[in-house]
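The values are calculated or read from the model by the stated rules, or taken from the named source; none is laboratory data. Source: prediction; values computed, not measured. Cβ coordinates were reconstructed from backbone atoms using ideal geometry, including for glycine residues, and neighbour counts include every protein chain displayed.
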Amino acid sequence: MIRALSVNTGFAASTLICAVEIKTKELLQIMVHQATTFLTEMEGFWPFGGVVNGEGFVVPLTAYPGGNQPDSADVLALLEKGIAAKFGNEEITAAAIVSDTDYRETPASERAQALKIRLLVPPAAPEDHYYLYRVEVGQVVLYDYIIHRPVSGPFR
């Protein structure tokens, strides 16, 4: 549960910020764990997400646009729409959208496989967390971690 633990106004605000940061880290850890499990057990996944609800619990989030093989862009659009509505209704304090993507540091760089986690914690700007990985002997090995702060749109 995200609540300020101190009655002193100065400490309450900093305690609340600390609690949100802890829940955000927990959200990221759970999303990475779920994604690596999907990659290990099913060799892939469609985009999915998770949110921190008003009680401070991390809750999984999925979207299904229909069809046997939905396009990832359609799944992402539904996740974004659902998350925007939940923020608008003040049902959640943080959200993450997870996708499997290619990552290049520069256009000339070698392509790397990466988990991309778009982290949304208003009023802060969204952050893209990239976990570069490779699959070795049936397990996913994370070998680099990069954060980007997008400059356009709430989710893109």
Looking only at residues in the range 22-46 that are over 18 Å from Leu120 (Cα atoms) and among the charged types (D, E, K, R), which one is modelled with the lowest pLDDT?
Glu43
Within the range 36-64, residues free of Cβ contacts under 8 Å to residues at least 60 places away in the same chain and hydroxyl-bearing (Ser, Thr, Tyr) come out as Thr37, Thr62, Tyr64
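Of everything in the range 58-69 that's farther than 17 Å from Leu115 by Cα and among the hydrophobic types (A, V, I, L, M, F, W, C), which residue is surrounded by the most Cβ atoms within 10 Å (Cβ to Cβ)? Show your work before the answer.
First, pick out the residues of the range 58-69 that are farther than 17 Å from Leu115 by Cα: 58-59, 63-69.
Those left that are additionally among the hydrophobic types (A, V, I, L, M, F, W, C): 58-59, 63.
On the way: Val58: 18, Val59: 16, Ala63: 20.
Top of the filtered list is Ala63.
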Flag if Ser72 is polar (S, T, N, Q), surrounded by 17 or more Cβ atoms within 10 Å (Cβ to Cβ) and out of contact with any Asp or Glu (no Cβ under 6 Å at 6 or more places or on another chain):
no
Restricted to the range 121-147, and to residues that are aliphatic (A, V, I, L, M) and part of a loop (DSSP other than H, G, I, E, B), which residue is surrounded by the fewest Cβ atoms within 10 Å (Cβ to Cβ)?
Val137
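Scan the range 25-74 for residues that are of a type in the set (Gly, Ala, Ser) and on the phi > 0 side of the Ramachandran plot and report the count. Spell out how you get there, then give the answer.
Of all residues in the range 25-74, those of a type in the set (Gly, Ala, Ser) come to 35, 44, 49-50, 54, 56, 63, 66-67, 72-73.
Right, trim to on the phi > 0 side of the Ramachandran plot and you get 44, 56, 66-67.
Matching residues across the range 25-74 total 4.
Of the residues that sit in the range 94-107 and are polar (S, T, N, Q) and either at pLDDT 95 or above or touching a Lys or Arg at 6+ places or on another chain (Cβ under 6 Å) (or both), which one is farthest from Asn53 (Cα to Cα)? Spell out how you get there, then give the answer.
Residues of the range 94-107 polar (S, T, N, Q): 99, 101, 106.
Still in the list and also either at pLDDT 95 or above or touching a Lys or Arg at 6+ places or on another chain (Cβ under 6 Å) (or both): 99, 101.
Numbers: Ser99: 21, Thr101: 27 Å.
Only one residue tops the list, namely Thr101.
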All but one of (1) closer than 20 Å to Tyr143 by Cβ; (2) surrounded by 11 or more Cβ atoms within 10 Å (Cβ to Cβ) hold for Arg111; state the number of the condition that does not hold.
(2)
Does at least one position in the range 47-57 carry a residue that is loosely packed, with under 13 Cβ neighbours inside 10 Å, closer than 22 Å to Ile146 by Cα and modelled with pLDDT of 95 or more?
no
Pairing a residue in the range 80-94 that is among the hydroxyl-bearing types (Ser, Thr, Tyr) with any residue that is part of a helix (DSSP H, G or I) and surrounded by 12 or more Cβ atoms within 10 Å (Cβ to Cβ), where Cβ atoms lie under 8 Å and the two sit 6 or more apart in sequence or on different chains, gives Thr93/Val20; Thr93/Lys23
